[in-house]
Every structure is written in structure tokens, then in C-alpha cells.
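The values are calculated or read from the model by the stated rules, or taken from the named source; none is laboratory data. Computed from a predicted model, the values in this text were never measured in an experiment. Glycine also receives a Cβ, built like all others from the backbone with ideal geometry; neighbour counts cover every protein chain displayed.
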Amino acid sequence: MRHPAALIEAARSLVGRHGDGNIHTVAAAVLDEHGRTHVGLNLYHFTGGPCAELVALAAARAAGARAPRLLVAVGDAGRGVLAPCGRDRQVLADYFPDIQVIVPTGADVRVVPIGDLLPHTYRWPAQQVQRLRFRAGHLPAVRDGSKRVTMRYADPVQVGPALLVFEFDEEISLPGRITSTMAKRLDRVTDDEAREDGFAGAADVLPGLRDYYPGLQPGDEIVIVRFDVDDG
């Protein structure tokens, strides 16, 4: 993982260049699963404008990140590294339970798991399991294990527990887990990746996915989702 100092400097530089001491007073930087850095500024408003951490996470998502690894916030006017507020801690614990956060410790900083900042917390995902929907015809292949990959467009998913839902007249659901996600331009999907999802080759992916997503274009970003079915 990139040294925390580089991420801190990215946030410090942003708030130094674009902070205004009034509406934009904190910058955040996020390191994603590909080693890229994404940044964002807060937008203060008395009704509750978004914190810099949430803006940076949204910017990371817009750039294709699906599994942010490390996060830091830095205040303006020389305030240095700031710990996330209570609301942000809950958001991070709910949506990014594996993320680490850089926090101040006196004159120094340290990297901690989000769980250390919000111990014994209410966990929303435990109450609201994500659903991964399939057409009915995919059920036999999922059940026998021959299908463990699906390609999705504009369909937010994250690693973790999932309910695999098959769209019969009466839905059939299997408990499962999303094991990995990888964002990729559709026109860069390989033949091997295409075959994992049941296509004959990469050339068949676009026409096949357009049956689900009619407006899909070759340069659009899809997500290759790998999943398992829970035993029992």
C-alpha cells in the first residue's frame, strides 16, 4: 500500500489550492484498489452539506473504483489530519467495512481499520443484504456451479453477502456472496473473461449485454462480478 504520507499530501495540497476558509475547508483523499488516488472537498452548508470524505468516495466511484482501501481528511489553515465525524464513520462502516482510515494521534498519525473507530456499531448491511438479480434461465448454471461470473452495467455491487434472486413468476433466491468486482471498459474484456460469463468470446459480449442494457456502448465501463453460492 502506498505510504500514508503521499495520501495526506494529496489532501493537503487540494485544500491548500482550492479551500476558501468558508464553504470548502476540508479535503479528503482516497486510495483505491488499483493504487489510484481520488480527492474531494467538503461543501459546508447549515443544512448539512457533504463532508470531504463522502465527496472523495463519490469521486472515486465515478472514476471506476469499487473497493477503496485507505482514506484521509485534512483541514485547512494548518489543522492537519482530521478524524472522520460520527456520520462518516457510520457510512464507512456500512458501505466500506474493509477500508482503513488515517487518523491523528497527537503529533503523529496512524492507520486504523474503520471498525476501530466505530466499535460495536449497528451494521446496516447486516439488516439489508444486497440483491444480485438474474433472469430465470441462469438458475441451473448457478446451482451446478458452472456460472460464477456475471457482467453488470450501472448496477452497484460490492464484495460481501448477497441474495441471488432469479426472476420467475415467484422469485427464487439463493444465499450467496460476491467475492470480487473488477471495473473494466467493455471493449477491453478478454476472451477468457467473456467465456467465464458464458459467452463464446469477447466479440459476443456487447450484443449479449445489450439484451439487458439496450444503450450500452463499447467504451462504457462494466463491472465483472464474481460470486459464490453459500452451502446449504
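Tell me, which residue of segment 83-100 that is at pLDDT below 90 and assigned to a loop (DSSP other than H, G, I, E, B) is nearest to ALA28 (Cα to Cα)?
Applying the filter and picking the extreme gives PHE96.
Looking only at residues that are buried (at least 16 other Cβ atoms within 10 Å of the Cβ) and not aromatic (Phe, Trp, Tyr) in segment 164-176, which one is farthest from ALA62 (Cα to Cα)? Before you say what the answer is, go through the steps one by one.
Initial filter on segment 164-176 (buried (at least 16 other Cβ atoms within 10 Å of the Cβ)): 164, 166, 174, 176.
Adding the requirement that they be not aromatic (Phe, Trp, Tyr) leaves 164, 174, 176.
Numbers: LEU164: 26, LEU174: 30, GLY176: 27 Å.
Among them, the one singled out is LEU174.
Select from segment 75-91 the residues that are aliphatic (A, V, I, L, M) and in contact with a strand residue (DSSP E or B) (Cβ under 7 Å, 6 or more places away or on another chain) and list them in ascending order. First the steps, then the outcome.
Let us first name the residues in segment 75-91 that are aliphatic (A, V, I, L, M), namely 77, 81-83, 91.
Passing the criteria: VAL81, LEU82, ALA83.
State which residue is farthest from ARG61 (Cα to Cα) when the search covers only segment 206-217 and only residues that are crowded, with 17+ Cβ neighbours inside 10 Å and in contact (Cβ under 8 Å) with a residue 24 or more places away in the chain. Let's see the steps before the verdict.
From segment 206-217, those crowded, with 17+ Cβ neighbours inside 10 Å are 206, 209, 213, 216; that's our starting set.
Imposing the further condition that a residue be in contact (Cβ under 8 Å) with a residue 24 or more places away in the chain reduces the set to 209, 213, 216.
Values: LEU209: 22, TYR213: 20, LEU216: 19 Å.
Taking the candidates together, the pick is LEU209.
Among the numbered criteria (1) exposed (fewer than 15 other Cβ atoms within 10 Å of the Cβ); (2) under 16 Å from the mean Cα position of the chain (by Cα), which one does ARG152 miss?
Evaluating ARG152 over (1) exposed (fewer than 15 other Cβ atoms within 10 Å of the Cβ); (2) under 16 Å from the mean Cα position of the chain (by Cα) leaves (1) as the failure.
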